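In what follows, a single structure is set out as structure tokens and then discussed.
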Amino acid sequence: VDLESSDTLLTSTSPTDIRLMWHPLSSQHSRGAVTRYRIEYSAVDHVDTVFSVEVGGNETQFTLKELQPNQAYRLRIAAGTVVGFGVPSEWARHHTLAHYDHMIFAPTELKVRARENTLNVTWQPSPNHTLASGYKLSCREVEADDSTNRQRTAQTHTIRLRKKARYHLLTGLAHDRQYEVRVWAFNKQTEGAAAVWKGRTDRSTEKRKTSSPPPLRPIPLPPSSIQAKANSSTSIWLRWEKPRFSNVRIINYTVRCSPAGTTNASLVTYYTSSAQEVLLGSLRPFTRYELAVQSNGVDVVGPFSGTVEESTLPDRPSTPPEELQLSALDSSSVLVSWRPPLEPNGIIISYKILYSGNLSEPEHSWKNLSQDGSITSVEVQGLSSDTHYFFKLGAATEVGPGPYSAIKDVHTFLQKYELDIHAVTGIIVGVCLGLICILLCMCFRASCL
């Protein structure tokens, strides 16, 4: 059983691991059924100390972990049958990533499903994906040049994707060609490490017709008794049972997860589990998800099960109320209006308004006013005339309060003292009556004289 070094691919997803991928051997090279692979590796500086690990014969990739960052390693792989191991591949070298604090690691669980003219690419986020602002995906054709026994590469096409993307379908490819796909995260400062896949697209239908049809292979049935239960605001436990009737050995399962009713393929996420359960993480709070499970055999996959739905639990709002507006109504009142948070993560049960005439005061000294979650405007009264006031607003769900909005300010009007018309009229009438009485008295006195 011989393996060529060109059949293997090495990449790193973090400073402490190396991912090794290889192509299965054809029957004419394996000289029997491959039952296991043995991977040997050592640091280039310590070639006398060689470590080895064995994996099953149905595996085509393995990740070596707990390695040293920024270190050169050499690796080789040998295939084995029940008789024993064959000649290992040539030693291949790989340098682990440097352990920088701001380095973006490679995406994990990169999977590519090859069809005749398409490659269906899925992946999981980088371990430190919070540093990323998006993903990039490149695809290039890699073909062997028979005349020089080397590889020639075609033009590389790079696609920029959103941070939430976990899926992309490459179309318009040539059939039966070797391609290399890379996916990596990036931000404004740097480009992250890439996850890499190499493989071939399927042969064309016309070529298949000229050759003998492949034997029909049984496919595994989908799992049964699928149950989903929310575990937190960002995770759901999904459990299932093996198919009740199946003549195919199931090696693992694929879980499809997407927000209920979505038509956006980039929001669909795939998980792999060798057990009959999986904890789906990195979900949105208070969101309903559609979940389905697929059984996978050796080089054969079955259909997805029917979907089940489950909602994640609510959480505190992750964003403050939006569009906070302040309008002075008079010398002692201000109209406050707003819109609900963009990410409420639950049902808003209340809003809390904090305000103060002194920006330097600690928050607990600010006056507060609570409002029902269905209200988006309120008139704040009892303020001082001709005064600068500062306001901020927060929302709360049943779980707790979220962040406050940015502080906004408003100036109340100067109070104007106006005369009471009724009081002034009474005074004038009283004065007039008094004057009339005085005049009458003066006239009566004059007549007596």
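Which one is nearest to residue 54 (Cα to Cα), of the residues in region 89-102 that are modelled with pLDDT of 80 or more and surrounded by 19 or more Cβ atoms within 10 Å (Cβ to Cβ)? Per the stated criteria, the residue is 89. Consider residue 422 carefully, then state whether it is assigned by TED's automatic domain parsing to the domain that holds residue 328, part of a helix (DSSP H, G or I) and either modelled with pLDDT under 95 or loosely packed, with under 14 Cβ neighbours inside 10 Å (or both). It is false that residue 422 is assigned by TED's automatic domain parsing to the domain that holds residue 328, part of a helix (DSSP H, G or I) and either modelled with pLDDT under 95 or loosely packed, with under 14 Cβ neighbours inside 10 Å (or both).
Results for (1) hydroxyl-bearing (Ser, Thr, Tyr); (2) more than 25 Å from residue 16 (Cβ to Cβ), shown as yes or no for each residue.
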position	(1), (2)
105	no, no
109	no, no
114	no, yes
117	no, yes
124	no, no
128	no, no
131	no, no
135	yes, no
140	no, yes
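Kindly evaluate residue 105 against the criterion of being closer than 26 Å to residue 189 by Cβ and either loosely packed, with under 13 Cβ neighbours inside 10 Å or under 27 Å from the mean Cα position of the chain (by Cα) (or both). Judged against the criteria, residue 105 is a match. Would you check which residues across region 220-251 are part of a loop (DSSP other than H, G, I, E, B), surrounded by 14 or more Cβ atoms within 10 Å (Cβ to Cβ) and more than 24 Å from the chain's Cα centre (by Cα) and list them? Residues satisfying the conditions are 220, 221, 222, 223, 242, 243, 246, 248, 250, 251.
Kindly indicate whether residue 393 is under 34 Å from the mean Cα position of the chain (by Cα) and surrounded by 12 or more Cβ atoms within 10 Å (Cβ to Cβ). Give the steps one after another, and end with the answer.
Values: under 34 Å from the mean Cα position of the chain (by Cα): yes; surrounded by 12 or more Cβ atoms within 10 Å (Cβ to Cβ): yes.
Against the criterion (under 34 Å from the mean Cα position of the chain (by Cα) and surrounded by 12 or more Cβ atoms within 10 Å (Cβ to Cβ)), residue 393 qualifies.
Somewhere in region 360-380, is a residue of a type outside the set (Asp, Glu) and assigned to a helix (DSSP H, G or I)? Yes: one or more hits. Of everything in region 156-192 that is in contact with a Pro (Cβ under 9 Å, 6 or more places away or on another chain) and buried (at least 16 other Cβ atoms within 10 Å of the Cβ), the residue that is modelled with the lowest pLDDT is 192.
For (1) in contact (Cβ under 8 Å) with a residue 24 or more places away in the chain; (2) within 28 Å of residue 286 (Cα to Cα); (3) not assigned by TED's automatic domain parsing to the domain that holds residue 234, each residue gets a yes or a no:
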{"site": "343", "(1), (2), (3)": "yes, yes, yes"}
{"site": "384", "(1), (2), (3)": "yes, no, yes"}
{"site": "391", "(1), (2), (3)": "yes, no, yes"}
{"site": "426", "(1), (2), (3)": "no, no, yes"}
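Here the condition is being in contact with an Asp or Glu (Cβ under 7 Å, 6 or more places away or on another chain) and either at pLDDT 85 or above or of a type outside the set (Val, Ile, Thr) (or both); of 30, 12, 5, 42, it holds for 5 alone.
Just wondering, is there one or more residues in region 358-374 that are hydrophobic (A, V, I, L, M, F, W, C), closer than 21 Å to residue 329 by Cβ and touching a residue at least 40 places away in the same chain (Cβ under 8 Å)? No, region 358-374 contains no residue that is hydrophobic (A, V, I, L, M, F, W, C), closer than 21 Å to residue 329 by Cβ and touching a residue at least 40 places away in the same chain (Cβ under 8 Å).
Looking at this structure, is residue 263 within 21 Å of residue 169 (Cα to Cα) and surrounded by fewer than 18 Cβ atoms within 10 Å (Cβ to Cβ)?
Working: within 21 Å of residue 169 (Cα to Cα): yes; surrounded by fewer than 18 Cβ atoms within 10 Å (Cβ to Cβ): yes.
For residue 263, the condition - within 21 Å of residue 169 (Cα to Cα) and surrounded by fewer than 18 Cβ atoms within 10 Å (Cβ to Cβ) - is met.
Quick one: which of 60, 35, 96 is within 33 Å of the chain's Cα centre (by Cα), among the β-branched types (Val, Ile, Thr) and closer than 19 Å to residue 251 by Cβ? Break it down into steps so the answer makes sense when it comes.
Values: 35 fails: within 33 Å of the chain's Cα centre (by Cα); 96 fails: closer than 19 Å to residue 251 by Cβ.
None of the others qualify; the one that does is 60.
A count restricted to region 162-192 and to residues that are of a type in the set (Gly, Ala, Ser) and closer than 14 Å to residue 123 by Cα stands at 2. Do we have any residue at all in region 259-274 that's at pLDDT below 90 and more than 19 Å from the chain's Cα centre (by Cα)? Yes: region 259-274 contains one or more residues that are at pLDDT below 90 and more than 19 Å from the chain's Cα centre (by Cα).
Within the set 219, 226, the sole residue that is in contact with a Gly (Cβ under 9 Å, 6 or more places away or on another chain) and at pLDDT below 90 turns out to be 219. Screening residue 286 with (1) on the phi < 0 side of the Ramachandran plot; (2) at pLDDT 90 or above; (3) in a loop (DSSP other than H, G, I, E, B) gives one miss only, at (1). When region 155-201 is limited to residues that are under 21 Å from residue 116 (Cα atoms) and of a type in the set (Lys, Arg), the one that is nearest to the chain's Cα centre (by Cα) turns out to be 182.
The values are calculated or read from the model by the stated rules, or taken from the named source; none is laboratory data. Because the structure is predicted, anything quoted here is derived from the model rather than measured. Methodologically, a virtual Cβ is constructed for each residue, glycine included, from the backbone with ideal geometry; neighbour enumeration extends over all protein chains shown.
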